[in-house]
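Enquirer: Below you will find the structure I want to go over with you.
Only the coordinates and a few stated rules stand behind these numbers; no lab work does. Nothing here was measured: the structure is a model prediction, and the numbers come from that model. Because the Cβ atoms are built from the backbone with ideal geometry, glycine has one as well, and the counts that use them run over all protein chains shown.
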């Protein structure tokens, strides 16, 4: 299937979760992901070339800052959403504004796509407002039993179309798209 408007900026949730649906353990750690054997870059390089903007929650930013490496998204416009006071730094712009007024303005701007990186609360808010256009979810073969869920209760029902399923070693990636973004197949292709 093809997109109705391939030039339209889309919000893409690109994230990994455990087999039982958690994006982090109870302490907010994602160290369990390092124990899973993937394959190559697990599709990351193809994905990151499509985006020029990253939305993330404060805790997700703190996890990235805890990695023993320079900030990996210096060539992207990064926004950190936080309810508490967050200082801007050379890598990110903090957002404390009401999402319902700020996000739609960003979606109307030109540019590449937007990566919704996480965390769970931010994903929940974007689902509530139908702002996610695609979901690329990598499932790791580990059961955490508890932690921070990718999908919290209380968002509206929605339907998605499967675009692709790929395996990267022990990881499986599912790619879904909102149906209204795709062209209907021509009558002779149905």
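Enquirer: Over the stretch 44-163, what is the relative contact order in whole percent, taking alpha-carbon pairs under 8 Å and six or more residues apart?
Expert: Here the relative contact order equals 28 percent.
Enquirer: Could I get the Rg over Rh figure for the chain? Both from C-alpha atoms, Rh via Kirkwood, rounded to two places.
Expert: 0.95
Enquirer: What is the projected area of the convex hull of the Cα atoms of the stretch 26-89, averaged over all directions, in nm²?
Expert: For the Cα atoms of the stretch 26-89, the hull's average projected area reads 5.7 nm².
Enquirer: So for the stretch 61-183: antiparallel DSSP bridges make up what percent, rounded to the nearest 5?
Expert: 75
Enquirer: Of 82, 110, 29, which has the largest mean-square fluctuation in a 10 Å C-alpha GNM of the chain?
Expert: In this elastic network of the chain, the residue with the biggest mean-square fluctuation among 82, 110, 29 is 110.
Enquirer: Something else: Among 137, 95, 161, determine the one that fluctuates most according to a GNM of the chain built with springs between C-alpha atoms less than 10 Å apart.
Expert: Comparing 137, 95, 161 in a Gaussian network model of the chain, the most mobile one is 161.
Enquirer: Note down the nm distance, to one decimal, between modelled labels 7 Å out along Cα→Cβ at residue 161 and at residue 121.
Expert: Output for this residue pair reads 3.5 nm.
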